[in-house]
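Report on the structure given below.
Any read-out appearing in this document is the output of simple, stated calculations on the displayed coordinates, not a laboratory observation. On a predicted model such as this, the values are computed, not experimentally measured, just so you know. Heads up, the Cβs are rebuilt from the backbone with ideal geometry, glycines too, and the neighbour counts pull from every protein chain shown.
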Amino acid sequence: MKVNEIFYSLQGEGFFTGTPAVFLRFSGCNLKCSFCDTDHRSGKEMTDREILAAITAFPSRHIVITGGEPSLQLTADFIALLHATGYFIQIETNGTHTLPAGIDWVTCSPKFSEMPAAMADSLPLLHSGIINEIKLVFQSAKQADEDIRHIPALPAQLYLQPCDCGDTDKNRIIVEECIRYIKAHPLWKLSLQTHKLLSIR
């Protein structure tokens, strides 16, 4: 598998915010989101055992598998190896592919506005019944309304995360609109990128 980076930090977003976790970032993605803040293009080929040796250097047994898009590389054998070593496995995925069985927590963050319409209407993961958490990147109330219409069934954990567009004034406006939207749609909760607020990885 091609690995972009492995590091140890606190989960900054969504349900597990504040949880110490090992982050395994795979290289590559099948989308090119205009607001993507992750350089996942480079990487190093590593075997399952090499990855395991790297991640077990850290004390937490909560692993966040992310990318890019991790479903392009993740295998059932690697999931089984992680479980055999005592890991709780969380994945962050855009929902465009099915996943191997056995993942403990599926965070799906579909980027509908960055997909062709036909893809947005038929994401396989959204119909799988295995999603624990939906996390939508919030850019505007109109965009959020459109995104939510694509989701066939809403799981218990629903988060809107204000988009970081790299402009302080625009970010403030987006956060304010996101808060208003959540107050008007109380099934949703606010997810902030707390790792950025704390200046950590």
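Using the 10 angstrom Cβ neighbour count as an exposure proxy, how do Lys44, Lys135, Lys142 rank, fewest first? It would help to have the intermediate numbers written out before the result.
Numbers: Lys44 12, Lys135 20, Lys142 9.
With the sparsest Cβ surroundings first, the list reads Lys142, Lys44, Lys135.
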**Request:** Divide, for the chain, the radius of gyration over alpha carbons by 2.2 N^0.38 Å, where N is the residue count.
**Result:** 1.00
**Request:** Assign unit charges at the C-beta atoms only (+1 for Lys and Arg, -1 for Asp and Glu), then state the dipole size of segment 18-103 relative to its Cα centre in Debye, rounded to the nearest 20.
**Result:** 80 debye
**Complete:** Relative contact order in percent for the chain (Cα pairs under 8 Å, 6+ apart) equals 18 percent
**Asked** Could you give the nm distance between label points at Glu146 and Ile130, where each point is 7 Å from its Cα heading toward the beta carbon?
**Response** 3.0 nm
**Prompt:** Can you count the Lys pairs in the chain whose Cα atoms are under 13 Å apart, with each pair 8 or more apart or on different chains?
**Reply:** 4
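Taking 0.36 nm per residue of sequence separation and subtracting the Cα-Cα distance, how much length would be gained by fully extending the chain between Phe7 and Ala57, in nm to one decimal?
Values: separation 50, 0.36 × 50 = 18.00 nm, distance 1.01 nm.
Result: 17.0 nm gained on full extension.
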**Request:** Work out the length of the dipole vector of segment 2-197 about its Cα centre, built from +1 on the beta-carbon of each Lys and Arg and -1 on the beta-carbon of each Asp and Glu, and round it to the nearest 20 debye.
**Result:** 200 debye
**Asked** For the pair Thr98 and Asp39, how long in nm is the line joining their label points, each one 7 Å along Cα→Cβ?
**Response** 3.7 nm
**Request:** Between the alpha-carbon centers of segment 167-201 and segment 77-129, tell me the distance in whole angstrom.
**Result:** 24 Å
**Spacing of the two label points (7 Å from each Cα toward its C-beta) at His185 and Glu50, in nm** = 4.3 nm
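Quick one: of the DSSP bridges fully inside the chain, what percent are antiparallel, nearest 5? All intermediate terms of the calculation are to be shown ahead of the outcome.
Numbers: 9 of 31 bridges.
Antiparallel: roughly 30 percent of the beta bridges in the chain.
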